[in-house]
Amino acid sequence: METEDTRTKPEEERVTPSQGLSKKAQKRAAKAARLHELKLERRARERETKKRKRQERARAVANGECDVNATRKRPKTDAAGGGSPFNARLVIDLGFDELMTDKEINSLTSQLAYTYSANRRAPHAFSSLLFTSINGRTKERLDAMNDAGYRRWSNTEWWEESYERIWTRSFPPSQSPSCEPTNAPADSTSTETETTADADELRKSVVYFTADSENEILELKEGETYVIGGICDHNRYKNLCLNKANASQIRHARLPIGRYIALATRKVLTVNQVVEILLKWVETRDWEEAFWAVIPKRKFQGVERGGDIVSDSGGEG
């Protein structure tokens with residue numbers, strides 16, 4: 001049988017943690033609890049702010065409005081570059097869609113946005129930026145990014161056709177052969193290549209960049225076309241771009257990285273890094289300067305430059 005002593009005490013008689021403390025101690029405890037609540041609220045606001053900024057940056061990248069090197073604290077340049085263009089065509093060959101995973105496709109499409117941004121902001125941009133073989137999941141991903149923001153990239157060309165269309169059918173640098181999105185002027189018309197000699201001359205002006213080539217390129221020349229393989233494969237496919245260049249019967253070359261720098265890690269670069277290196281060379285006419293300015297610093301660990309040994313100082317990866 002329950003007695004009055006063993007029954008649960010009324011709510012008002014229960015002992016709270018603060019009971020038994022002095023009034024001063026209770027005030028301190030209440031203040032600490034309030035400060036803790038404010039701290040949690042502040043952290044929640046900070047997380048929300050960071051999330052919003054990441055989303056805004058992602059939208060800017062998709063539109064090609066975000067500088068690829070914005071977080072590197074390098075000297076800023078005007079959005080329009082400001083200098084005279086380098087009269088050569090830069091081609092990103094997207095004909096590798098079936099060889100990549102969905103994750104790699106996502107990475108590649110981000111690299112394309114960085115590529116556009118880098119060329120757009122360069123002091124001496126390539127006069128023509130062409131993306132070929134746009135199809136499959138790569139196109140689907142681009143269409144899904146910021147409501148197909150790539151369609152609004154200025155002075156770019158997008159071809160469903162292969163880069164081989166450059167010499168199999170002659171087009172002005174600003175004209176696309178397909179109805180894919182392009183911001184090039186629409187008042188010029190494409191013309192068929194009149195002779196085999198013309199096609200041969202156009203073919204001879206094309207160089208495919210591949211790290212597997214035995215040829216090193218020493219300078220870029222105006223009037224030529226430079227092709228970069230638009231693939232993110234972590235070097236799974238040996239000689240992929242080299243074989244493609246040979247099949248197309250065009251020249252191929254690798255960047256002269258080993259001539260100037262002995263990297264501590266492999267020389268695999270992203271599409272936008274290759275483009276940045278080319279743009280830096282156009283600006284400085286100095287390969288070594290271009291490599292040091294663009295290649296992530298983590299790849300330089302233990303490499304000597306100017307008498308100094310580069311250490312791991314948290315460079316971009």
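Just so it is clear, none of the values below were taken in a lab; they were calculated from the coordinates. Keep in mind it's a predicted model, so treat the numbers as computed, not measured. Note that we place each Cβ from the backbone using ideal geometry, even for glycine, and neighbour counts take in every protein chain shown.
Just a few scattered comments:
- Taking label points 7 Å from Cα along the Cα-to-Cβ direction, LEU263 and GLU140 give a separation of 3.2 nm.
- Electrostatic tally near GLY136: other residues with Cβ closer than 12 Å to its Cβ, Lys and Arg +1, Asp and Glu -1, net -3.
- Counting charges near ALA253 (Lys, Arg +1; Asp, Glu -1) among other residues having Cβ under 13 Å from its Cβ returns a value of -1.
- Label-point separation in nm, ASP233 to GLU37, each point 7 Å along Cα→Cβ: 6.0 nm
- For the range 215-275: Kirkwood Rh in Å [reciprocal of mean 1/r, alpha carbons]: 13.2 Å
- Peptides ranked, highest mean first, by Cβ atoms within 10 Å: ranges 215-225, 127-137: 127-137, 215-225
- Difference of contour (0.36 nm per residue) and Cα-Cα distance, ARG45 to LEU21: 5.3 nm
- Highest mean packing first, where packing is the average number of other Cβ atoms within 10 Å per residue, the peptides 25-37, 104-116, 234-246 line up as 104-116, 234-246, 25-37.
- Between LYS221 and ASN87, the modelled labels are 1.4 nm apart [label points 7 Å from Cα along Cα→Cβ].
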